[in-house]
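Undergrad: Next up is a structure, given as structure tokens.
Each value in this text was obtained by applying a stated rule to the coordinates, not by laboratory testing. Predicted model, so just to flag it, every value in this text is computed and none were measured. Backbone-built Cβ (ideal geometry, glycine too); neighbour counts: all protein chains shown.
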């Protein structure tokens, strides 16, 4: 799967907007994931409900930073996420179904923050991009 | 589908503000743009050659409105989704030959449309409630498949 020129342009344009509030976008994405799909909480047993918001913000920032790396290296997402790919395969071992859930929650978050920019074309580009990121992160699973 | 009283309130509250025709057309259009293979069911709809063509296509808008109208019927009958969608389930299996996976795709696209229109009001709790609804509707529509 590879992104068209148009899709890359759209993704980078949206990334510029995301970058100005990426921690909040990351926090909200994870909040949605854990609220809407509570089974995802099984990967965060160390999260303490009282300081949930601070933990979500910290972890959300990490997730968005990786997504940003992928966006800025869109011609070589495999290379950009190689270390994370190994981490997910050998240490984290998050079941692949969860990548779809997280991707969906990111799209929902983008839709709430950037209603005008989240056009049908942008929706398609980001859904495809996140699908690519997900497949890179699971490519070493077996 | 089992929603708490709070979740039901969230769903009916937001649904009251939904512009069924507009949101329906947008949801169906986005389905066809984001997942282009879904266009397989709509050969008779005319020009679907670009995102703009799809989103502006009058048949897409009309059909999207119908679909969302139906979803609205579901929301009025959350305790009996299987009954409400029984005939439509048979239709989608026997006549339309639609893979139920498409109902799940459309449900998630609809959630994105609601998020886009309601912004901050589409809180994680509201999303959770709506995801239960769209999953329930998708299951109900698949219930009569054989």
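Undergrad: What does the average come to when, for each residue of peptide B:33-44, you count the partner chain Cβ atoms lying within 10 Å of its Cβ?
TA: 2
Undergrad: Average partner chain C-beta neighbours within 10 Å, per residue of B:15-25?
TA: Shielding by partners across B:15-25 averages 0.
Undergrad: Taking beta carbons within 10 Å but only from partner chains, what does the mean come to for residues B:114-121?
TA: Rounded to a whole number, the mean comes out at 5.
Undergrad: For chain B, set up a Gaussian network in which alpha carbons nearer than 10 Å are linked by springs, and say which option among B:61, B:120, B:132 fluctuates the most.
TA: Of B:61, B:120, B:132, the Gaussian network model singles out B:120 as fluctuating most.
Undergrad: When chain A is treated as a GNM, springs tying every alpha-carbon pair under 10 Å, which of A:76, A:98, A:50 comes out with the largest mean-square fluctuation?
TA: A:50
Undergrad: Once Rh is set to the Kirkwood radius over Cα pairs, what Stokes-Einstein translational diffusion coefficient, in µm²/s, holds for chain B at a temperature of 37 °C and a viscosity of 0.692 mPa s?
TA: Answer from the Stokes-Einstein relation: 212 µm²/s.
Undergrad: Which of A:132, A:92, A:33 moves most in a GNM of chain A, Cα contacts under 10 Å?
TA: A:92
Undergrad: Testing the spin-label approximation: label points 7 Å from Cα along Cα→Cβ at residue A:8 and residue B:52. State their distance in nm.
TA: For the pair residue A:8/residue B:52, the computed spacing is 2.3 nm.
Undergrad: Hey, another quick one. No solvent, one uniform scatterer per C-alpha: report log10 I(q)/I(0) for region A:32-124 via the Debye equation at q = 0.11, 0.18 1/Å, two decimals.
TA: Here log10 of I(q) over I(0) equals -0.38, -1.04.
Undergrad: How big is the gap, in Å, between the Cα center of region A:36-69 and the Cα center of region B:59-93?
TA: 36 Å
Undergrad: Still on this structure, please answer the following. Please work out the Cα convex hull volume for the protein assembly as shown and give it in Å³ per residue.
TA: Output value, Cα hull per residue: 137 Å³.
Undergrad: Still on this structure, I have one more. Nearest 500 deg cm²/dmol is fine: what mean residue ellipticity at 222 nm does the protein assembly as shown get from its DSSP H runs of n ≥ 4 alone, each adding -39,500 (n - 2.57), divided by its residue count?
TA: -21000 deg cm²/dmol
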